[in-house]
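Below is one structure, written out as structure tokens; the observations come after it.
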Amino acid sequence: MNEPNVIEVENLGVRFESESGVVDAVRGVSLRIGKGETLALVGESGSGKSVTALALTRLLPEPPAKFVSGRILVGGEDVLKMSRAQLRAVRGGRIAYVFQEPSTSLNPVFNIRSQIGEAIRLHRPEVKDVDAEIIRWLDRVGIPDPAQRLRSYPHELSGGMQQRAMIAMALSCNPDLLVADEPTTALDVTTQAQILEQIQRLRREIGMAVLLITHNFGIVKGVADRVAVMFRGRIVEQGETARVLAEPQHPYTRALIACIPRLGTNQRRLPVIDHEALAAEG
Amino acid sequence: MRRRFRADPVAMGAAVVLVLLLVTAALFFTLRLFQIPFPANPDLTDLAGKLRPPGPDAWLGTDNLGRDVCTRLLHGTYISLMVGVVAVVVAVGIGVVVGAVSGYAGGWVDNVLMRIVDAMMCFPSFFLILTVVALLGPSLFNVILVMGLVGWTGSARLVRAEFLSLRESEYVRAARALGQSHLGIVFRHIFPNAAGPIFVTAVLGVPGAILSEASLSFLGLGVQPPQSTWGNIIADGRTYLLDAWWLILFPGVAILITALSFYLVGDGLRRAAQTKRERE
């Protein structure tokens with residue numbers, strides 16, 4: 001490990017405390033992402049992967065969320081000990097997010113220009129010609145005719161274009177790490193592939209790291225350098241993508257991989273993951 | 001939304017009436033400012049010609065002091081409109097601040113503010129206004145101020161509800177993830193999305209304020225004579241109700257038309273702002 005890590009998470013524990021009970025959503029998660037690396041965080045709904053992603057910059061509402069253990073190091077500093085101003089500089093500036101639902105992640109009353117412009121003004125006040133910078137990013141994420149799109153409102157764009165605009169917004173601040181929380185789940189399969197490819201291309205060009213959060217092992221294969229599998233708030237397995245896919249160690253990983261639909265097999269039904277049995281085992 | 005509002009004949013008709021009222025108010029306010037007696041001095045008494053029924057000399061008749069009712073009505077327009085609009089602006093202004101803080105902060109702040117709202121709402125607002133005006137002394141300024149200070153609770157609740165739901169929206173989360181500050185989120189992302197409903201309730205609140213002013217003036221606690229307002233024309237005329245119906249009818253109709261047009265415009269705006277799904 002010669003390159004410094006973009007982020008190091010050690011023994012992170014996040015608990016939700018509410019009147020109806022206490023839930024340990026993240027239990028002792030440790031992970032590190034190197035510069036320019038893509039880590040896929042895989043798991044089912046409720047496994048804690050989105051909570052982990054949001055916890056990286058303390059985006060969880062506190063309370064009910066509470067950090068019970070661990071530390072999150074970004075550039076050598078612990079996010080959990082940062083002031084609000086420092087946090088705001090990390091959010092968007094060093095760690096940028098792209099969320100699942102592009103149609104609702106863009107504010108409906110503002111056009112593309114003012115939304116991406118907001119990001120640039122927040123984190124790169126030195127940029128003089130904001131419009132030119134926006135156009136440059138729109139072009140880079142593959143939005144055709146970017147100068148015309150400046151004045152478009154979110155509802156005038158297709159889902160794929162909206163997600164590209166979100167990515168442009170996230171990348172326009174030159175983050176070290178892009179957290180993509182199920183970025184393609186709301187999109188159709190063709191667009192999914194294009195968006196993922198776009199993210200990978202931009203990752204190589206810019207040299208940023210990517211934390212890709214997904215429940216779909218199918219999209220991990222061509223994209224991620226390493227995979228971390230989350231189950232019930234814990235990382236149960238972590239390793240090189242090829243190795244994990246070829247020789248999964250944990251029964252849950254095996255179960256997830258068995259759920260990838262394959263063409264050309266006579267499989268009639270996909271297997272169902274037996275949570276009770278897995279929980280009893282590990 | 002603008003297109004849907006234009007296609008609504010009732011709302012457009014009411015809007016035209018409102019514009020005419022506003023023009024009248026502005027015109028007569030200017031006349032008063034420069035002391036130009038047009039069409040006549042509204043306070044000019046003529047005891048020889050008192051209580052004349054509507055006719056060619058006095059279109060809407062004269063009152064017990066021989067003052068021309070039509071002139072007094074025209075000069076009273078801006079008072080009614082100003083009281084209605086300014087009181088609502090004050091009320092909604094307070095309501096937006098309280099509601100925004102309450103809805104955005106949540107937790108104990110929200111609890112405390114909403115219990116205050118509940119407590120305020122327990123008082124019958126008109127009696128509260130009456131009491132405070134009686135204590136402070138009746139004047140145009142006091143009437144507006146008190147109606148504003150009493151009337152903010154409804155809009156505070158509405159704004160709180162809007163903020164509560166918008167706070168959880170994805171684009172607010174995205175803005176937080178972008179490193180936007182709380183103030184930036186409130187002003188840039190939440191408020192513009194809540195502005196529509198806030199504006200509609202404000203417009204719908206104006207007729208209530210106009211009626212309150214008229215009621216206060218009728219009870220002698222509103223704007224003081226000789227300044228004519230629609231409310232105190234009625235108040236002065238009530239003694240002569242059986243002999244001089246025109247003293248009550250015309251200001252009453254003026255209040256009705258104004259209140260109704262504000263209401264219809266507000267309702268038209270509300271319907272025009274609805275999404276397709278809400279209309280069905």
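Condition check ((1) within 26 Å of A:Ala186 (Cβ to Cβ); (2) within 21 Å of the chain's Cα centre (by Cα); (3) in contact (Cβ under 8 Å) with a residue 12 or more places away in the chain) across all residues:
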site: A:Ser69; (1), (2), (3): no, no, yes
site: A:Gln100; (1), (2), (3): yes, yes, yes
site: A:Ser103; (1), (2), (3): yes, yes, yes
site: A:Arg121; (1), (2), (3): no, no, no
site: A:Val130; (1), (2), (3): no, no, yes
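Within segment B:70-77, does at least one residue satisfy the condition of being free of Cβ contacts under 8 Å to residues at least 60 places away in the same chain, touching a Phe, Trp or Tyr at 6+ places or on another chain (Cβ under 9 Å) and in a helix (DSSP H, G or I)?
Residues of segment B:70-77 free of Cβ contacts under 8 Å to residues at least 60 places away in the same chain: B:71, B:74.
Keeping just the survivors that are touching a Phe, Trp or Tyr at 6+ places or on another chain (Cβ under 9 Å) gives B:71, B:74.
After this cut, where a residue has to be in a helix (DSSP H, G or I) as well, the list is B:71, B:74.
Yes; the residues of segment B:70-77 include at least one that is free of Cβ contacts under 8 Å to residues at least 60 places away in the same chain, touching a Phe, Trp or Tyr at 6+ places or on another chain (Cβ under 9 Å) and in a helix (DSSP H, G or I).
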Of all residues in segment A:124-141, which are surrounded by fewer than 21 Cβ atoms within 10 Å (Cβ to Cβ) and either within 23 Å of A:Ile95 (Cβ to Cβ) or within 14 Å of another protein chain (Cβ to nearest Cβ) (or both)? A:Arg124, A:Pro125, A:Glu126, A:Val127, A:Val130, A:Glu133, A:Arg136, A:Arg140
Evaluate the following for B:Ala195: is it more than 12 Å from every other protein chain (Cβ to nearest Cβ), of a type in the set (Gly, Ala, Ser) and more than 30 Å from A:Ala180 (Cβ to Cβ)? no
Which residue pairs have Cβ atoms closer than 8 Å, lie 6 or more positions apart in sequence or on different chains, and pair a first residue in segment A:218-244 that is on the phi < 0 side of the Ramachandran plot with a second residue that is among the basic types (Lys, Arg) and part of a loop (DSSP other than H, G, I, E, B)? A:Thr241/A:Lys221
(1) without any contact (Cβ under 8 Å) to a residue 24 or more places away in the chain; (2) farther than 25 Å from A:Val26 by Cα; (3) buried (at least 19 other Cβ atoms within 10 Å of the Cβ) all hold for A:Pro248 apart from (2)
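Out of A:Thr214, A:Thr191, which single residue is surrounded by fewer than 19 Cβ atoms within 10 Å (Cβ to Cβ), polar (S, T, N, Q), out of contact with any Leu (no Cβ under 7 Å at 6 or more places or on another chain) and more than 13 Å from chain B (Cβ to nearest Cβ)?
A:Thr191 is the lone residue from the list that is surrounded by fewer than 19 Cβ atoms within 10 Å (Cβ to Cβ), polar (S, T, N, Q), out of contact with any Leu (no Cβ under 7 Å at 6 or more places or on another chain) and more than 13 Å from chain B (Cβ to nearest Cβ).
Any residue that is farther than 25 Å from B:Thr201 by Cβ, out of contact with any His (no Cβ under 7 Å at 6 or more places or on another chain) and without any contact (Cβ under 8 Å) to a residue 24 or more places away in the chain - is there at least one of those in segment B:6-22?
Residues of segment B:6-22 farther than 25 Å from B:Thr201 by Cβ: none.
Scanning segment B:6-22 turns up no residue that is farther than 25 Å from B:Thr201 by Cβ, out of contact with any His (no Cβ under 7 Å at 6 or more places or on another chain) and without any contact (Cβ under 8 Å) to a residue 24 or more places away in the chain.
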Among the helices (runs of 4 or more DSSP H) contained in segment A:139-228, which hold 2 or more residues that are acidic (Asp, Glu) and modelled with pLDDT of 80 or more? A:189-206
Of everything in segment A:15-31, what is under 12 Å from A:Ser69 (Cα atoms) and without any contact (Cβ under 8 Å) to a residue 60 or more places away in the chain? Give them in sequence order. A:Arg15
Flagged in segment B:135-171 as surrounded by fewer than 23 Cβ atoms within 10 Å (Cβ to Cβ), within 14 Å of another protein chain (Cβ to nearest Cβ) and in a helix (DSSP H, G or I), in numbering order, are B:Glu162, B:Leu164, B:Ser165, B:Leu166, B:Arg167, B:Glu170
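Test B:Leu130 against the stated conditions and say whether it is farther than 21 Å from B:Thr201 by Cα and surrounded by 14 or more Cβ atoms within 10 Å (Cβ to Cβ).
Values: farther than 21 Å from B:Thr201 by Cα: yes; surrounded by 14 or more Cβ atoms within 10 Å (Cβ to Cβ): yes.
The answer is yes for B:Leu130.
The values are calculated or read from the model by the stated rules, or taken from the named source; none is laboratory data. From a predicted model like this one, the values you see are computed outputs, not experimental measurements. Here Cβ is always computed from backbone atoms with ideal geometry, including for glycine, and neighbour counts include all displayed protein chains.
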